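See structure below.
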Amino acid sequence: MERKSGSLKQGWPYILMILPTFLLLGLVTFYPALYNIWLSFRNESLRTTVSSFVGLANYRRVLSDPFFWGALGRTVIYMIASLVLRVVLGLALALVLNIPQRGRSVARTAILLPWVLSEIIVTAMWLWILDHRTGLLNGLLATVKLGPYGWLVYPGMAMGTIVMVSLWKNLAFSFLLLFAALQQIPLDLYDSGKIDGCSSGGLIRYITLPLIRPTVTIVTIMVSISAFGQFSLVYSLTGGGPLRSTELVGLYMYQQAFNFLDIGYGAAIAMVIFLINIALSLVYYYALRSESLY
Amino acid sequence: MNWKRLGLILVYIVVIFAMVSPIVMTILTSFKTQSEIYIFPPTIIPRNPTLEAYKNVIFSSSIPKQFYNSLKVSVLTIALTVTLGSLAGYAFARASFPGKNFLLFFLLGTQMIPGLGNAIALYYMAFKLGMLNTHLVLVLVYSAASTPISVWLMKSYFEQIPPELEQAAQVDGCTPYQALTRIVLPLARPGMVASALMVFVAAWNEFLISLLMITRTALKTFPVGLYAFIGQFQMDWPRISAAATLGVVPLVLLFLLLQRHFVAGLTAGAVKA
């Protein structure tokens, strides 16, 4: 470092370079995060201009709100279904596409394609496909004498449909991270495994899976958090219906704050979601870390 | 031809069909006539291909204007984010000071605050500051959301450029500033492209903040405009598909052309964590 000449040698240019980033984040990320905490202790509302400190009243209300618990339960179902499908399917596809074969890059690109589309474009696409009267899916099923099914209009079906559409859009994420992890595994590990008499199933069980465990942890955390942040797709595809059957916590928070104009209550729900996210991350981190690697 | 190869190719075909067919169907539907959508079971290939739906979307809806709004917001967000990311990324790559690692992980920590969690507070702040219905507020919020990953991404690119290169340039008579702009920045261009693409996808697709902040039709961004459009023209699938196709094509083309950079940018945050 002492060989360096010119003004960049001193620390202050570096500080000036970092400062704007933290200024922006301070104003637009940290301040709102703190402001949200402050709002959650007040009966702030868009209906009136007067508001006051109400202590933990909003939090007490969250905990005794049956609709919040309903939304939380549905979010957990959505989260578990998404986790299983995205991790299992993502891993299966990553393993298959890790085998060298002509055409695999086309398949990989196909998986990534829906990922760059906005949720609203995805909704525009699937609304027609899933429409229960004129939709493509029921049309195709009718040709083999099945259906029609109310993919988005039967309360018992809508959640499954949302899980599948979000799987279609977001599979790329888990696939890509797991695929990248697989490519980091040195090939001679497999060779020595084969010499030691491992079957190909054994190679996956004893070499692949332990080595990609950290990535599985990351994917699990990210997919879980995304379930609690899910808003756009349910808002545009079903609006939480039919009969609240797809009303996830993110949507419920939005409705409380902006349909019922109850900013303070919405802020408290946001805080509860945030705390759940942190708790989930810690649980996964310790659960998946405890069994040490080699 | 062995069974393994056949099985693999079969998997590819199933995967490609499942992922691509909804996109292809939307593009095909956008060329249908309005009466064709009532045929059941629905046709796949349009019987009388027409540009009627596109004519309606382009000449008598707000979609083109909203398309332009999204482009404007995205480009400004890219400019701000890549500038901030490059500056801070360079500093983090070159400088060593106490608390550097803390600041870096602090940046990653911001990714734990979901966009949804801050939405209410951001809306209320913009409301009180009279910044609702401005594009500036979107640019600021999107930049703040993308800057941490951009910093990490740029840092990893700058770290691959040896400081000796800058010193050599200075020995040859460059000022430190010239060494930076003529040697380092051109070498860091792939990182900037990856950052820019990541920011573009995030800003172009963002829905919730835009939905909250912008209520005037002429100021809405494309996703929010498309959402209103879907509500307005319910069941008019050719028209909805045409509007969606206009949003799909630029993104898919960009993705196919620059896939490598996309993947680097979009996975950066998660892989680093």
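For the residues A:I263, A:I269, the requirement of being buried (at least 23 other Cβ atoms within 10 Å of the Cβ), within 12 Å of chain B (Cβ to nearest Cβ), in contact with a helix residue (DSSP H, G or I) (Cβ under 6 Å, 6 or more places away or on another chain) and over 30 Å from A:W151 (Cα atoms) singles out A:I263. Within the range B:85-108, residues that are in a helix (DSSP H, G or I) sit with their Cβ atoms under 6 Å from residues that are surrounded by fewer than 20 Cβ atoms within 10 Å (Cβ to Cβ) and at pLDDT below 90, at 6+ positions apart or across chains, in these pairs: B:A93/B:E159; B:L108/B:A273.
What number of residues within the range B:112-127 are among the hydroxyl-bearing types (S, T, Y) and surrounded by fewer than 17 Cβ atoms within 10 Å (Cβ to Cβ)? Can you show your working first?
Restricting attention to the range B:112-127, the residues satisfying the condition of being among the hydroxyl-bearing types (S, T, Y) are B:123-124.
After this cut, where a residue has to be surrounded by fewer than 17 Cβ atoms within 10 Å (Cβ to Cβ) as well, the list is none.
Final tally of qualifying residues: 0.
The set of residues from the range A:145-180 being over 18 Å from A:T75 (Cα atoms) and either acidic (D, E) or without any contact (Cβ under 8 Å) to a residue 40 or more places away in the chain (or both) comprises A:K145, A:L146, A:G147, A:P148, A:Y149, A:G150, A:W151, A:A180. Per the listing B:G7, B:G99, B:G109, the residue uniquely at positive phi and surrounded by fewer than 17 Cβ atoms within 10 Å (Cβ to Cβ) is B:G99.
Give A:F68, A:F30 a once-over and let me know the one that is at pLDDT 95 or above and either surrounded by 13 or more Cβ atoms within 10 Å (Cβ to Cβ) or closer than 30 Å to A:P214 by Cα (or both).
Working: A:F30 fails: at pLDDT 95 or above.
Going through A:F68, A:F30 in turn, the sole match is A:F68.
Inside the range B:167-201, residues that are more than 21 Å from B:A91 (Cβ to Cβ), facing chain A (nearest Cβ under 10 Å) and either aliphatic (A, V, I, L, M) or surrounded by fewer than 18 Cβ atoms within 10 Å (Cβ to Cβ) (or both) make up a count of 3. Pairs meeting the criteria (first residue in the range B:249-263 and under 13 Å from A:W115 (Cα atoms), second residue at pLDDT 85 or above, beta carbons under 6 Å, at least 6 apart or on different chains) are B:L251/A:V116; B:F255/A:V116; B:F262/B:L197; B:F262/B:F255.
Across the range B:153-165, a minimum of one residue is classified as of a type in the set (S, T, Y) and surrounded by 20 or more Cβ atoms within 10 Å (Cβ to Cβ).
A:D191 fulfils the conditions (1) of a type outside the set (V, I, T); (2) surrounded by fewer than 21 Cβ atoms within 10 Å (Cβ to Cβ); (3) more than 13 Å from chain B (Cβ to nearest Cβ); (4) outside any helix (DSSP H, G or I) except for a single criterion, (4).
Of note, A:I80 satisfies the criterion of being more than 7 Å from every other protein chain (Cβ to nearest Cβ), assigned to a helix (DSSP H, G or I), of a type in the set (V, I, T) and without any contact (Cβ under 8 Å) to a residue 40 or more places away in the chain.
Among the residues here, B:Y54 does not qualify as assigned to a helix (DSSP H, G or I) and touching a Gly at 6+ places or on another chain (Cβ under 7 Å). The residue pairs whose first member lies in the range B:147-164 and is more than 22 Å from B:L80 (Cα to Cα), whose second member is buried (at least 24 other Cβ atoms within 10 Å of the Cβ), and whose beta carbons are closer than 9 Å, counting only pairs six or more residues apart or on different chains, are B:Q160/B:G191.
Okay, residues lined up against (1) within 22 Å of A:L91 (Cβ to Cβ); (2) in a helix (DSSP H, G or I):
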| residue | (1), (2) |
| --- | --- |
| A:T208 | yes, yes |
| A:V219 | yes, yes |
| A:S224 | yes, yes |
| A:V234 | no, yes |
| A:R244 | no, no |
| A:Y252 | no, yes |
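When you scan the range A:44-52, do you find a residue that is surrounded by 19 or more Cβ atoms within 10 Å (Cβ to Cβ) and not in a helix (DSSP H, G or I), even just one? Yes, the range A:44-52 contains a residue that is surrounded by 19 or more Cβ atoms within 10 Å (Cβ to Cβ) and not in a helix (DSSP H, G or I). When B:Q259 is tested against (1) surrounded by fewer than 20 Cβ atoms within 10 Å (Cβ to Cβ); (2) closer than 30 Å to B:P22 by Cα; (3) more than 10 Å from chain A (Cβ to nearest Cβ), exactly one condition is not met: (3). Among what's in the range B:57-107 and is within 11 Å of chain A (Cβ to nearest Cβ) and hydroxyl-bearing (S, T, Y), pick the residue that is farthest from B:P176 (Cα to Cα). Filtering first and then ranking leaves B:S70.
Taken together, A:L85, A:L97, A:L56 contain a single residue that is farther than 24 Å from A:L261 by Cβ and in contact with a Phe, Trp or Tyr (Cβ under 8 Å, 6 or more places away or on another chain), which is A:L97.
The sole residue among B:I149, B:I161 that is among the β-branched types (V, I, T), on the phi < 0 side of the Ramachandran plot, more than 11 Å from chain A (Cβ to nearest Cβ) and in a helix (DSSP H, G or I) is B:I149.
Considering each residue of the range B:12-42, count those that are assigned to a loop (DSSP other than H, G, I, E, B), of a type in the set (V, I, T) and under 19 Å from B:A244 (Cα atoms), and give that number. Steps first, answer last, please.
Initial filter on the range B:12-42 (assigned to a loop (DSSP other than H, G, I, E, B)): B:30-33, B:39-42.
Adding the requirement that they be of a type in the set (V, I, T) leaves B:33, B:39.
Cutting the leftovers down to under 19 Å from B:A244 (Cα atoms) gives us B:33.
Here the count works out to 1.
Applying the criterion of being assigned to a helix (DSSP H, G or I) and β-branched (V, I, T) to the residues of the range B:170-216, the residue that is nearest to B:L253 (Cα to Cα) is B:V201. Checked against (1) in contact (Cβ under 8 Å) with a residue 12 or more places away in the chain; (2) in a loop (DSSP other than H, G, I, E, B); (3) within 12 Å of chain B (Cβ to nearest Cβ), A:G55 passes all but condition (3).
The values are calculated or read from the model by the stated rules, or taken from the named source; none is laboratory data. This one's a predicted model, so the numbers in the text were calculated from it and none came from an experiment. Backbone-built Cβ (ideal geometry, glycine too); neighbour counts: all protein chains shown.
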